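A short worksheet on the structure shown next.
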């Protein structure tokens with residue numbers, strides 16, 4: 001398995017910009033715990049978002065990152081549990097040819113990807129893994 005460290009997809013010629021188009025269900029954590037995603041353990045703190053995606057997968061998002069990347073579907077008020085849509089923010093992504101692992105953030109949860117899955121870079125040092133089928137369903141190449 002390929003173990004990735006200090007990856008910056010902005011310097012990788014095989015990476016491209018994509019925009020997520022997805023409506024998700026969100027609850028906000030009342031305390032510290034973790035949720036197991038397909039890609040690995042996602043620890044969270046009180047106030048962080050626990051997201052259920054359109055394919056029933058679950059993961060956590062820190063509150064500051066959630067606030068920047070998701071918007072409530074009216075009449076929902078931001079910060080309430082309910083339906084949110086991803087904001088049209090371009091991220092970098094690269095499809096991986098072999099199994100790999102990467103930390104979500106420096107010292108953060110370790111995520112595992114399979115051959116064909118996508119390595120995501122939301123910001124410098126902020127990574128994710130999206131399975132191939134979900135990637136094709138919810139990401140569009142940015143213009």
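General observations
- Scanning the stretch 113-126 for any residue that is over 24 Å from residue 2 (Cα atoms), crowded, with 16+ Cβ neighbours inside 10 Å and touching a residue at least 24 places away in the same chain (Cβ under 8 Å) turns up nothing.
- Those residues of the stretch 1-32 which are more than 21 Å from residue 92 (Cβ to Cβ) and at pLDDT below 95, in sequence order: 1
- Residues in the stretch 126-143 that are part of a helix (DSSP H, G or I), more than 12 Å from the chain's Cα centre (by Cα) and closer than 25 Å to residue 67 by Cβ: 137 only.
- When the criteria are applied in full, residue 102 meets the requirement of being crowded, with 19+ Cβ neighbours inside 10 Å and more than 15 Å from residue 24 (Cα to Cα).
- Residue 62 vs. criteria more than 22 Å from residue 140 (Cβ to Cβ) and in the same structural domain as residue 8 (by TED's automatic domain parsing): no
- One residue stands out in the stretch 51-77 among those that are surrounded by fewer than 15 Cβ atoms within 10 Å (Cβ to Cβ) and touching a helix residue (DSSP H, G or I) at 6+ places or on another chain (Cβ under 8 Å): the one that is nearest to residue 38 (Cα to Cα), namely 55.
- The stretch 19-44 - residue that is in contact with a helix residue (DSSP H, G or I) (Cβ under 8 Å, 6 or more places away or on another chain) and surrounded by 16 or more Cβ atoms within 10 Å (Cβ to Cβ) and, of those, farthest from residue 74 (Cα to Cα): 20
The values are calculated or read from the model by the stated rules, or taken from the named source; none is laboratory data. Keep in mind it's a predicted model, so treat the numbers as computed, not measured. Don't worry about glycine lacking a Cβ; one is built from the backbone with ideal geometry, like all the others, and counts go over all protein chains shown.
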